[in-house]
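Take a look at the structure set out below.
The values are calculated or read from the model by the stated rules, or taken from the named source; none is laboratory data. Computed from a predicted structure; not experimentally measured. Here the Cβ positions follow ideal geometry from the backbone for every residue, glycine too, while neighbour counts run over all protein chains shown.
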Amino acid sequence: MNRLAWPVMLLLTLPFLANGGSEDPARQINWAINDAPPFHIIDGPYKRKGFCDALMQGLIDEMSEVRHEVLVIPAARIAQLRKAQAPVCFPCMIKRNDTDTTLYTDATLYYRPHVLIANPQSAKIIETRYGNPVRFAELLQDQSLAFGRPLGRRYGEHLQPLIDQYADRHESHRQLSGKAPTLAVQRMVGLGRLDYTLDYQVVGRYSELSQQTQLAYLQIAENRQSHIIGAVGCSRTDWGEQAVQQINQALPDVLTSTDYLTNLQLWFGEGEEHFWPQYRQKVLGSRQSHGHLSMK
């Protein structure tokens, strides 16, 4: 098996991928990842310990007969490569119906819906005024509480229309850009420079662990009944179709492996009593008889 590769000459590789390439998935799978902790963690104390890192590494180990190439590419560039039918797979996508550009594997992960992330003091104010779960549409209209989010970030069918309607109309609403804007927003929340933001709770957990930040989490009334399922996404080509088939064959063993479950426990299982039942039901499904879960 080839070890995990981090190509130095990435610029030499990209033109080939953008032209579609000719790799046979029976011989090689190209993984395109981006720096987005804790999905993928490129550096720091949790380097390569993101939950998407763990999924990808599990697939690499399980598919030892295949050569694997790992490319670190900005998220927007990954989407462009799939659109150009380049032979790439992205390990951590939201599972949807197949599109004109992307084929999706079987389920790989369960996410709770976006939550409100606040510093503890602001969380008490928000809960007192707008309940728990929070009435988000009303909260967005409160000019006394500062809301921040990464520039260009989208929040799904339930929350994005509310943001489009009410956000950015006041000086108390801010969008941040630059390097690692998600972490920058959460750092400002932890320091009290912002009152709240929106994200997956697991992203807040990474901020707490890596930045020693204390955060509070509040459910949102408008989306609390929704959930999100993860999957691997590959370019919609003959290459991608074969790659998805190969990945689906390897997934049952990876999804019940000790390494993957231990990683999920770190990011999702701590303090999340409902995670493992949901993971069993929505991800493993009929696979529960294949292997066993060591987590509660």
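Side notes on the structure shown:
- Qualifying position, being buried (at least 17 other Cβ atoms within 10 Å of the Cβ) and outside the structural domain of HIS40 (by TED's automatic domain parsing), among THR213, THR256: THR213
- Every condition in (1) surrounded by 15 or more Cβ atoms within 10 Å (Cβ to Cβ); (2) farther than 24 Å from GLU222 by Cβ is met by PHE136 except one, and the failing one is (2).
- Residues of the stretch 41-85 classified as in a loop (DSSP other than H, G, I, E, B) and in contact with a strand residue (DSSP E or B) (Cβ under 6 Å, 6 or more places away or on another chain), total: 4
- Selected residue (only one of ASP195, ASP168 is modelled with pLDDT of 95 or more, within 14 Å of LEU139 (Cα to Cα) and more than 21 Å from the chain's Cα centre (by Cα)): ASP195
- For the stretch 30-86, a residue qualifies if it is more than 19 Å from THR237 (Cβ to Cβ) and of a type in the set (Val, Ile, Thr), and the qualifying residues are ILE33, ILE41, ILE42, ILE60, VAL70, VAL72.
- Scanning the stretch 136-176 for residues that are part of a loop (DSSP other than H, G, I, E, B), out of contact with any helix residue (DSSP H, G or I) (no Cβ under 9 Å at 6 or more places or on another chain) and among the charged types (D, E, K, R) yields ASP168, GLU171.
- Selection within the stretch 216-245 - among the β-branched types (Val, Ile, Thr) and either buried (at least 21 other Cβ atoms within 10 Å of the Cβ) or assigned to a strand (DSSP E or B) (or both): ILE220, ILE228, ILE229, VAL232, VAL244
- Residue count, the stretch 177-215 (criterion: out of contact with any Lys or Arg (no Cβ under 8 Å at 6 or more places or on another chain), more than 16 Å from GLY152 (Cα to Cα) and outside any helix (DSSP H, G or I)): 8
- Residue in the stretch 286-296 that is without any contact (Cβ under 8 Å) to a residue 12 or more places away in the chain and touching a helix residue (DSSP H, G or I) at 6+ places or on another chain (Cβ under 7 Å) present: yes
- When ILE78 is tested against (1) modelled with pLDDT of 95 or more; (2) touching a Phe, Trp or Tyr at 6+ places or on another chain (Cβ under 7 Å); (3) crowded, with 17+ Cβ neighbours inside 10 Å, exactly one condition is not met: (1).
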